[in-house]
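Shown next, in structure tokens, is the structure this report addresses.
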Amino acid sequence: MSVYTVVSLDAVQDFAQRFNLHVVALNPIKGGIENTNYFVTTSDGREFVLTIFEIIPFENAAILAELMYRLSTHGLPVAVPLADGAGQRIHILADKPAQFAPRLAGSSPHLPQQAVPTIPQVEAVGIALAQFHLALQDDPLQHNTTRQTTRGHLWWARIKDELRVHMPLAHQQLVDEVFAKFDLIKQQHPDRPKGLIHADLFRDNTLYVGSQLSGLLDFSEVMVDDWLLDIAITLNDFCSTWDDVQHPVALNAEKVSIFLAAYQHIRPMTSDELAALPIYLAIAACRFWFLRLDVASVNHAEGRVSEDVMEKDPEEMRRMVVDRLRLAVQ
Ligand SMILES: Nc1ncnc2c1ncn2[C@@H]1O[C@H](COP(=O)(O)OP(=O)(O)OP(=O)(O)O)[C@@H](O)[C@H]1O
Ligand SMILES: N[C@@H](CCO)C(=O)O
């Protein structure tokens with residue numbers, strides 16, 4: 001659970017007045033590691049999600065809110081933040097940018113880990129990811145998102161060097177091998193279309209009602225990059241054998257094949273993308289290995305040790321890097 005900013009019911013009731021809502025209950029949300037989120041219930045029984053943005057500045061939260069609105073017009077199941085009477089969707093709470101969005105129905109397919117995600121759920125996310133990639137390809141807003149991302153290209157270029165020097169030799173060698181192979185394959189296979197990517201579409205950022213995808217959540221990592229990177233990030237999480245205690249990060253071949261077929265039903269991948277996929281799976285796992293190490297280090301530096309702060313295991317992602325690199329060099 002991550003609640004970095006604690007707010008009182010009174011403060012949220014004040015905040016909600018601009019939307020003509022009367023809040024009666026407030027419950028911290030277990031899950032995210034970046035922002036503070038609460039489920040909020042109003043007197044008429046409706047439910048909303050209050051998000052307090054911990055890292056990104058006001059203007060960037062406003063771009064994300066507009067992005068949600070535009071994606072919703074393409075039929076994607078996203079939570080569009082409420083606008084006040086003046087049309088403004090982002091406001092200030094506890095000195096930070098904050099928003100109220102409708103609570104979407106459904107639950108995330110990651111608990112219990114043994115049974116899910118199901119094949120139809122994998123298929124649904126493959127389709128939705130491709131629809132998301134194509135939705136705003138001609139929309140100039142996507143270029144604003146490149147400026148607002150906390151963990152965009154600058155972070156990616158810096159973080160490897162910062163973390164690498166503190167790693168044991170074997171881990172440094174792993175990093176070097178993945179990046180050398182990645183650079184080579186990118187040169188050999190240049191036809192990798194770019195566009196808006198979610199960059200964090202894990203199971204816990206999706207909601208389902210049965211087999212139906214009812215929510216795509218948490219676009220705070222969104223940026224313009226290779227669509228293939230997004231495919232790799234989502235495939236790694238949805239198509240791993242989390243139920244296999246011996247090797248929980250290995251790929252489930254049936255799910256991989258269903259996911260790629262579903263995605264390609266909407267947007268066929270280029271032959272270069274298909275050839276480069278294995279190393280992108282390794283680099284995607286590497287991205288989250290670094291991200292988890294970075295989150296742990298920032299939490300430590302800022303003294304965030306409360307039981308309300310969730311950290312995900314970097315070692316799980318490092319094991320995934322090893323597994324995917326094995327596939328990439330075969
Ligand atoms: N609109 C919504 N409807 C329903 N549930 C939501 C909604 N927004 C957030 N949640 C719930 O809150 C959890 C945390 O939200 P979110 O993933 O946005 O947090 P975060 O800290 O910003 O993200 P992350 O750690 O993934 O970067 C989600 O996994 C989901 O369970
Ligand atoms: N999905 C990320 C959390 C950060 O957004 C992870 O599993 O590390």
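The values are calculated or read from the model by the stated rules, or taken from the named source; none is laboratory data. Everything numeric here is computed off the predicted structure, so don't read it as measured data. Every residue, glycine among them, receives a Cβ derived from its backbone with ideal geometry; neighbour counts consider all protein chains shown.
Considering only residues in the stretch 213-231 that are in contact with a His (Cβ under 8 Å, 6 or more places away or on another chain) and in a strand (DSSP E or B), the one that is farthest from ligand 2 (Cβ to nearest atom) turns out to be 224. If you go through the stretch 159-180 and keep only what is in a loop (DSSP other than H, G, I, E, B), among the aliphatic types (A, V, I, L, M) and out of contact with any helix residue (DSSP H, G or I) (no Cβ under 9 Å at 6 or more places or on another chain), you end up with nothing. Just to be sure, is residue 243 closer than 25 Å to residue 323 by Cβ and assigned to a strand (DSSP E or B)? In short, no.
Just one of the listed residues (47, 59) is at pLDDT 95 or above and either closer than 18 Å to residue 5 by Cα or away from ligand 2 (no atom under 16 Å from the Cβ) (or both), and it is 47. Being surrounded by fewer than 14 Cβ atoms within 10 Å (Cβ to Cβ), at pLDDT 90 or above and within 16 Å of ligand 2 (Cβ to nearest atom) is a property that holds for residue 315.
Among residues of the stretch 86-108 that are in contact (Cβ under 8 Å) with a residue 40 or more places away in the chain and within 14 Å of ligand 1 (Cβ to nearest atom), those with a beta-carbon under 8 Å from a residue that is of a type in the set (Ser, Thr, Tyr) and not in a strand (DSSP E or B) at least six positions away or on a different chain give the pairs 96/5.
Being within 15 Å of ligand 1 (Cβ to nearest atom) and either within 30 Å of residue 50 (Cβ to Cβ) or in contact with a Phe, Trp or Tyr (Cβ under 8 Å, 6 or more places away or on another chain) (or both) holds for only one residue in 237, 226, and it is 237.
Among the residues making up the stretch 209-228, those that are in contact (Cβ under 8 Å) with a residue 60 or more places away in the chain and among the charged types (D, E, K, R) are 218, 221, 225. Pairs are defined by a Cβ separation below 7 Å, a sequence spacing of at least 6 or placement on different chains, a first member in the stretch 229-250 that is more than 29 Å from residue 194 (Cβ to Cβ), and a second member that is part of a helix (DSSP H, G or I); the pairs so defined are 250/323. For the stretch 181-212: of the residues being within 16 Å of ligand 1 (Cβ to nearest atom) and assigned to a helix (DSSP H, G or I), which is farthest from residue 104 (Cα to Cα)? Only one residue fits best here, namely 203.
Is it the case, given these coordinates, that residue 221 is closer than 27 Å to residue 67 by Cβ, buried (at least 18 other Cβ atoms within 10 Å of the Cβ), of a type outside the set (Gly, Ala, Ser) and within 16 Å of ligand 1 (Cβ to nearest atom)? Yes; evaluated as a whole, the condition is true for this residue. If you filter the stretch 33-44 down to residues that are of a type outside the set (D, E, K, R) and surrounded by fewer than 20 Cβ atoms within 10 Å (Cβ to Cβ), you find that the one that is nearest to residue 3 (Cα to Cα) is 33.
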